[in-house]
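A.B. asks: Sharing a structure, written as structure tokens. Questions coming.
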Amino acid sequence: MPDLLLRHCNLHRQTAPVDIAITAGKIEAIGESLSLTASQEIDCTNLLVTAPFIEPHIHLDSVLAAGQPRFNGSGTLFEGIQIWGERKHSLTYEDVQKRALAALKLMAGHGVLYVRTHVDVTEPSLVALDALLDLSRQVKDWMTLQVVAFPQDGIFSRKENMSLLETALQRGAHVVGGIPHYELTREDGVQSIHHIFDLAERFDRLIDVHCDEIDDDQSRFVEVIVAEAIKRGNGERVSASHTTAFGSYNDAYAYKFMGFLRRTNVNFIANPLINITLQGRMDTYPKRRGLTRIKELWQSGVNICVGQDCIYDPWYIFGTGSLIGVAYMTVHVAQMTGLDEIDACFDMITGNSAKALHLDDYGLQVGNPANIVVLPTKNAFDSLRLQVTPRYVISRGKIIAETIPAQTNITIK
Ligand code: FE2
């Protein structure tokens, strides 16, 4: 007998409702009108049932640390890096774990059950790395957490950073990160990408590089990443995060580059909430949006997903933990307002991220872990239009969060 049965579920892009049976933490059966009884049943009539949301890009070491030691007055990326540079000297294991766990719980309530976090590994104690790697083991019964070793200040900008990055991988970081546009010279930036690819091969890791997060139309490290992925044939294991300069490249160059992209399977990860506020700060008017070409990448068949990047930290003072909010913002800033485009934005917080993160147990399929989100709307469009919070979040077969929708009584006639 199943432990839990979800009846009459509407699935994304599927017309006929189905039942989903869950046994011992896994999806046991999916089908129309299953003749089974369970210890607990939930009627999902008119509700959208989906695989969980995936956060492909966040910095859990700095979440919930805004104002410490001061708020970002200019709102720029570089003042954020400066403030973080001051804050990170006082990081402790407990401090990082406490804030990161609070953020993970916040996200779980919004149906996020898979998270990729970057962690700054240019801080010599590597205390944040240790805290997050341990946390990934502590939360594994309800959350899957991938940790990226991220050299925030650059790999070659200080002597010890190269060995810190390597130590982070030896300690178990799941992904190699980088920041070529913040290396001291263009040559160092190019060299850093070769180094990242070498490390990924040596340690058998995925790659996720903060790339061209600047409005400089000459910042073109993404082409180096794509060239390296073409030569090494490992594009599907590589993600280029932010790539905001791509929004400033001239169309002739962008068109040529899109052709190169089709020769590889490099994933793109955009962070529209934060980059719409961070970028374009040096512009007067017209003021650039400072985002990568989300819509055009999607139209070209490139795997693109979207993340939050920050929750209440030195770079971004807002953030709720909701990826529905991120998809909603994507619809606006990428001008993806057609119905199929809105559905595509829903894909960017679900299946597309699963592909980028190489999740092999993701999706509503028999045999997979029962990681399921029930939304209080009948389709993806309405979930974005109304920016809903999940009614139920089920992780490994257990209901771990439940939200009773607020009810507003209108008293005027
Ligand atoms: Fe980031």
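A.B. asks: Give the shape of the stretch 328-413 as rounded, prolate or oblate, defined through the alpha-carbon gyration tensor: a ≥ b ≥ c are the square roots of its eigenvalues, a/c under 1.5 means rounded, and otherwise the shape is prolate if a/b is larger than b/c and oblate if not.
C.D. replies: Because a/c hits 1.5 or more and a/b fails to exceed b/c, the stretch 328-413 counts as oblate.
A.B. asks: Taking θ = phi - 60°, what integer Hz values does the Karplus form 6.51 cos²θ - 1.76 cosθ + 1.60 yield along the stretch 36-48, in sequence order, with x for Gly and Pro?
C.D. replies: Rounded to whole hertz, the list is 9, 10, 9, 4, 9, 10, 10, 7, 9, 4, 6, 10, 8.
A.B. asks: Would you check the accessible area of SER35, probe 1.4 Å, heavy atoms only, in square angstrom rounded to 10?
C.D. replies: Using a 1.4 Å probe on the heavy atoms, I get roughly 120 Å².
A.B. asks: Students sometimes get this wrong: rank TYR312, TYR255 by accessible area, probe 1.4 Å, all chains present, largest first.
C.D. replies: Values: TYR312 85, TYR255 180 Å².
Sorted descending by solvent-accessible area, the residues read TYR255, TYR312.
A.B. asks: Just the accessible area for ILE400, please: 1.4 Å probe, Å², rounded to the nearest 10?
C.D. replies: 70
A.B. asks: Which distance in Å, rounded to a whole number, links the C-alpha centroids of the stretch 355-413 and the stretch 1-63?
C.D. replies: 9
A.B. asks: Can you work out the Karplus-derived ³J(HN,Hα) for every residue in the stretch 183-190? Use 6.51 cos²θ - 1.76 cosθ + 1.60 with θ = phi - 60°, whole Hz, and x for glycine or proline.
C.D. replies: 6, 5, 9, 4, 4, 4, x, 4
A.B. asks: Mind telling me which of ALA327, ALA270, ALA29 comes out most flexible in a GNM of the chain, alpha-carbon contacts under 10 Å?
C.D. replies: Checking each option, the largest mean-square fluctuation is seen for ALA29.
A.B. asks: May I ask which residue of ILE193, PHE71, THR45 lies farthest towards the positive end of the charge dipole of the chain, with charges of +1 (Lys, Arg) and -1 (Asp, Glu) on Cβ and the Cα centre as origin?
C.D. replies: THR45
A.B. asks: Compare LEU47, LEU323, LEU60 in a GNM of the chain, Cα atoms joined below 10 Å, and give the one with the largest fluctuation.
C.D. replies: Evaluated over the chain, the most mobile residue of the options is LEU47.
A.B. asks: Rounded, prolate or oblate: which fits the stretch 53-356, taking a ≥ b ≥ c as square roots of the Cα gyration tensor eigenvalues, rounded meaning a/c under 1.5, else prolate when a/b beats b/c?
C.D. replies: Rounded shape, in that the Cα axes give a/c under 1.5.
A.B. asks: So what are the ³J(HN,Hα) numbers for the stretch 242-257, from phi and the Karplus equation (6.51, -1.76, 1.60; θ = phi - 60°), rounded to whole Hz, Gly and Pro as x?
C.D. replies: Values, residue by residue: 6, 6, 5, 4, 4, x, 10, 5, 5, 5, 5, 5, 4, 5, 4, 5 Hz.
A.B. asks: Full extension from GLN138 to THR167: what is 0.36 nm times the residue separation minus their Cα-Cα distance, to one decimal in nm?
C.D. replies: Answer, rounded to one decimal: 8.3 nm.
A.B. asks: Can you give me the solvent accessible area of GLU86 with a 1.4 Å probe, rounded to the nearest 10 Å²?
C.D. replies: 80
The values are calculated or read from the model by the stated rules, or taken from the named source; none is laboratory data. Everything quoted here is computed from the prediction, not taken from an experiment. Glycine gets a Cβ as well: all are built from the backbone with ideal geometry, and neighbour counts include every protein chain shown. In case anyone asks, the SASA skips ligands and DNA or RNA and just uses the protein heavy atoms, side chains included. Shrake-Rupley method; radii C 1.70, N 1.55, O 1.52, S 1.80 Å.
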